[in-house]
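Undergrad: Next up is a structure, given as structure tokens.
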Amino acid sequence: MINFSFSLINPYSNRFSSVYEKSGKTWIPHKFWEFNVYKTSCLIDFRISYTVKADHAGFETFIGLLGLSAEFRFCDNRHWDYENDCWETYEENK
């Protein structure tokens with residue numbers, strides 16, 4: 001996992017609401033993308049993370065300035081099985 005984060009938050013504000021959301025499938029199996037815009041209490045916010053062996057592993061970036069933040073994710077829709085060190089598999093309902 002790679003994670004980098006820098007935030008400067010207004011301590012007198014507790015604002016968080018969704019402004020815009022969009023997501024969809026990609027041509028790669030099990031991969032999806034998401035784009036979100038939020039109203040937050042962040043004055044400056046910058047985050048990048050990349051995960052491999054985790055639930056919904058993938059790339060995520062989050063950028064915020066003066067109370068408006070945007071997030072982009074490119075992730076896997078599967079869950080990680082930590083005991084067996086592989087993606088979880090589910091039996092289909094018959």
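Undergrad: What pairs come up if the first residue lies in the range 66-80 and is free of Cβ contacts under 8 Å to residues at least 60 places away in the same chain and among the hydrophobic types (A, V, I, L, M, F, W, C), the second is buried (at least 16 other Cβ atoms within 10 Å of the Cβ) and part of a loop (DSSP other than H, G, I, E, B), and their beta carbons are under 8 Å apart, counting only those six or more places apart or on different chains?
TA: Cys75/Ala57; Trp80/Ala57
Undergrad: Going through Arg47, Arg78 one at a time, which residue ends up being among the charged types (D, E, K, R) and modelled with pLDDT of 90 or more?
TA: Values: Arg78 fails: modelled with pLDDT of 90 or more.
After applying the criteria, what remains is Arg47.
Undergrad: Which is surrounded by 14 or more Cβ atoms within 10 Å (Cβ to Cβ) and without any contact (Cβ under 8 Å) to a residue 40 or more places away in the chain, of Ile44, Ile28, Ile63?
TA: Answer to the selection: Ile63.
Undergrad: For the range 61-87, name all the residues that are more than 16 Å from Leu8 (Cα to Cα) and touching a Phe, Trp or Tyr at 6+ places or on another chain (Cβ under 7 Å).
TA: Kept after step one, since they are more than 16 Å from Leu8 (Cα to Cα), are these residues of the range 61-87: 61, 71-87.
If the condition is that a residue be more than 16 Å from Leu8 (Cα to Cα) and touching a Phe, Trp or Tyr at 6+ places or on another chain (Cβ under 7 Å), then Thr61, Glu71, Phe72, Arg73, Phe74, Cys75, Asn77, Arg78, Trp80, Asp81, Trp87 are the ones that fit.
Undergrad: Okay, moving on. List the strands (runs of 3 or more DSSP E) inside the chain, counting only whole elements, that have at least 3 residues being of a type in the set (A, V, I, L, M, F, W, C).
TA: Answer list for the chain: 2-9, 31-40, 42-50, 58-65, 68-76.
Undergrad: Is it the case, given these coordinates, that Gly58 is in contact with a strand residue (DSSP E or B) (Cβ under 9 Å, 6 or more places away or on another chain) and within 22 Å of Leu8 (Cα to Cα)?
TA: On the way: in contact with a strand residue (DSSP E or B) (Cβ under 9 Å, 6 or more places away or on another chain): yes; within 22 Å of Leu8 (Cα to Cα): no.
So Gly58 fails the test.
Undergrad: Of these, Asp85, Asp55, Asp81, Asp76, which one is among the acidic types (Asp, Glu), surrounded by fewer than 16 Cβ atoms within 10 Å (Cβ to Cβ) and either under 17 Å from the mean Cα position of the chain (by Cα) or under 18 Å from Ser7 (Cα atoms) (or both)?
TA: Numbers: Asp85 fails: either under 17 Å from the mean Cα position of the chain (by Cα) or under 18 Å from Ser7 (Cα atoms) (or both); Asp81 fails: either under 17 Å from the mean Cα position of the chain (by Cα) or under 18 Å from Ser7 (Cα atoms) (or both); Asp76 fails: surrounded by fewer than 16 Cβ atoms within 10 Å (Cβ to Cβ).
Of the residues listed, the single one that is among the acidic types (Asp, Glu), surrounded by fewer than 16 Cβ atoms within 10 Å (Cβ to Cβ) and either under 17 Å from the mean Cα position of the chain (by Cα) or under 18 Å from Ser7 (Cα atoms) (or both) is Asp55.
Undergrad: OK, next. Suppose the filter is surrounded by 14 or more Cβ atoms within 10 Å (Cβ to Cβ) and small (Gly, Ala, Ser); does Ser17 pass it?
TA: Details: surrounded by 14 or more Cβ atoms within 10 Å (Cβ to Cβ): no; small (Gly, Ala, Ser): yes.
For Ser17, the condition - surrounded by 14 or more Cβ atoms within 10 Å (Cβ to Cβ) and small (Gly, Ala, Ser) - is not met.
The values are calculated or read from the model by the stated rules, or taken from the named source; none is laboratory data. On a predicted model such as this, the values are computed, not experimentally measured, just so you know. Neighbour counts run over all protein chains shown; Cβ positions are idealised from the backbone, glycine included.
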